[in-house]
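Laboratory data are not the source of any read-out in this text; all were calculated from the coordinates shown. This one's a predicted model, so the numbers in the text were calculated from it and none came from an experiment. Note that we place each Cβ from the backbone using ideal geometry, even for glycine, and neighbour counts take in every protein chain shown.
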Amino acid sequence: MRHHASDLTPWLRATRVLLAASACTAVLASAPAMAAPPAAEDAAEETTTTVQDKPAPVVDFLKKVEFTGLVDTYFTYNFNKPATGTYTPLRNFDVKHNQFSVALVELALNKPATSEDRVGFRFDLDYGQVAQIFNSDPLDGNNLLNVQQGYVSYVAPVGSGLTIDVGKFVTPIGTEPTESKDNYNYSRAFLYALGPYYHVGTRVGYTVNDKFSLGAMLVNGWNASGDNNSGKSFGLSATLKPTSKVTIIQNLLMGPEQNDNSDDVRTMSDTNLSVSLTDKLATGLNYAYVKDTIAGEKVSWQGLALYLRGQVTDVFAIAPRFEIFNDDAGLVSGAVQNLKEFTLTGELKHKDGLIFRAEFRRDWSDIDFFTKDGAATDNQNTFTVSATYSFSSKQ
């Protein structure tokens, strides 16, 4: 059957359209994908990077907190041979005779307040003999028995930054801190054992420059979470570093410390000097003088401790200490007496935070204050070995 030209025209047009569409499809399929506009691509990358790099709030907070821990163990033998497990006279933390003891298990969290991050805190959780003796607080029934420190901090925008702490904190008095690992010797001097351990209240600190800083505090008193009278104690502190090798700290603490007596003021002056003679040899001293009024009578006690430490090798050190302590009224040592002590400590320190110490100490008095084999004597000799491990998340 034959068709006229007019009858085929619609079919030809349709065929041309289909062929053109197929050609376009092939060209598009073979062409490379069109790139995103540069601005859109950069914005996408920036958004992805920001989301990935921004830390979670909890992670960001924990990065600012330092976690520290300590396990302190010891064995002491008293050559006066008291009953096993009884306390060694005039000691505060190394107290148990002829038995293995756990002095301290500690976990602490510390977020310092700075000019960039003005709010901080510190919390030290303690267990062991140190915690029991450190917090022997009759005023509150040892409600803070396991808290060595617990305070909040704020840096006020004053000059270089005024640091304000409120809560419970260790005393600034003396050369020796609470943790044995930070001392030259394992046992504590009379000046530490018979002095203030901690305070509850508020304190401020201000760094004038890298050579001079000041501090002040208003607290309930000595070694008490509560207050035994209506008065408060006031403290001042000044730290001077004339050179990188010399540090001088002067503390003054004043306030009523007797039960139900806010009239008689106890005053304590505490002087500390530390000197790095060489990279391997350091020395120092601590002198304290305390005066008070008891039943209308002026009383006082004072002490002087001399320290020396020699770093013999990278892992071995030796540290002698000599001390005199005069308790003219018998108020802190338990008798009117003049005391002396000599301590010699050898130390082995592992790079990962483990410290072994062996220590000989002799205490003696001008009266027969001690007991040996059931008879009074004027001295006691002890030998102590200790193992202490500490760690920090910032190391």
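Counting C-alpha atoms alone, how compact is the range 49-392: give Rg to one decimal and Dmax as a whole number, in angstrom.
That works out to 21.2, 79 Å for Rg and Dmax.
Rounded to the nearest 0.05, what FRET efficiency do F212 and V299 have when you use their Cβ-Cβ distance and R0 = 35 Å?
Values: r = 34 Å, r/R0 = 0.98.
Here the calculated transfer efficiency is 0.55.
To the nearest 0.05, how large is the calculated FRET efficiency for S136 and S393 if R₀ is 35 Å and r is the Cβ-Cβ distance?
Details: r = 31 Å, r/R0 = 0.88.
So the FRET efficiency works out to roughly 0.70.
State to the nearest 20 debye the size of the charge dipole of the range 122-278 about its Cα centre, where the only charges are +1 on K and R beta carbons and -1 on D and E beta carbons.
On the way: 10 positive and 15 negative charges, 125 e Å.
Its charge dipole is roughly 600 debye.
Going 7 Å from the Cα of V65 toward and past its Cβ, which residues in the range 150-167 have a backbone nitrogen under 19 Å from where you end up?
Within reach of a label on V65: 150-155, 166-167.
When the Karplus curve 6.51 cos²θ - 1.76 cosθ + 1.60 is applied with θ = phi - 60°, which whole-Hz ³J(HN,Hα) does each residue of the range 232-242 get, with x for Gly and Pro?
10, 9, 10, x, 10, 9, 9, 10, 10, 10, x
Say R0 is 56 Å: what FRET efficiency, to the nearest 0.05, do S262 and D314 get from their beta-carbon distance? Could the numbers behind the result be given before it?
Working: r = 54 Å, r/R0 = 0.96.
Step by step, r from the Cβ atoms, then E = 0.55.
So how far, in whole Å, is the C-alpha centre of the range 115-189 from the one of the range 239-286?
17 Å
Less than 16 Å from a label point 7 Å out along the Cα-to-Cβ axis of T86: which backbone N atoms in the range 311-355 qualify, by residue?
Those under the cut-off are none; the list is empty.
Please count, across the range 208-316, the pairs of lysine residues with Cα atoms under 26 Å apart that sit 8 or more places apart or on different chains.
Details: K211/K241; K211/K245; K211/K280; K232/K291; K232/K298; K241/K280; K245/K280.
Pairs that pass both the separation and distance tests number 7.
Based on Cα positions only, what radius of gyration and what Dmax would you give for the range 158-290, in angstroms?
Values for the range 158-290 (Cα only, Rg and Dmax): 15.8, 51 Å.
Within straight cross-link reach of K81, meaning Cα distance under 16 Å, which lysines are found once same-chain residues fewer than 8 apart are removed?
Those lysines meeting the cut-off are K96, K372.
Taking 0.36 nm per intervening residue step and subtracting the Cα-Cα distance, what contour gain separates T278 from N379 on full extension? Working shown, then result.
Details: separation 101, 0.36 × 101 = 36.36 nm, distance 3.51 nm.
My answer for the length gained is 32.8 nm.
Would you be so kind as to identify which of G334, W364, L306 lies farthest towards the positive end of the dipole of the range 212-371, taking Lys and Arg as +1 and Asp and Glu as -1 on Cβ and the Cα centre as origin?
L306
Go through the range 313-370 and name the trypsin sites (Lys or Arg not before Pro) that are in a DSSP coil and have 14 or fewer other Cβ atoms within 10 Å of their Cβ.
Of the trypsin sites (Lys or Arg not before Pro), the ones in loops of the range 313-370 whose Cβ has at most 14 other Cβ atoms within 10 Å are K351.
Tally Lys and Arg at +1 and Asp and Glu at -1 over the other residues with C-beta under 12 Å from the C-beta of V385: what net charge comes out? Intermediate values should be presented prior to the final figure.
On the way: positive: R357; negative: D94, E347, E359.
Once all neighbours under 12 Å are counted, the net charge is -2.
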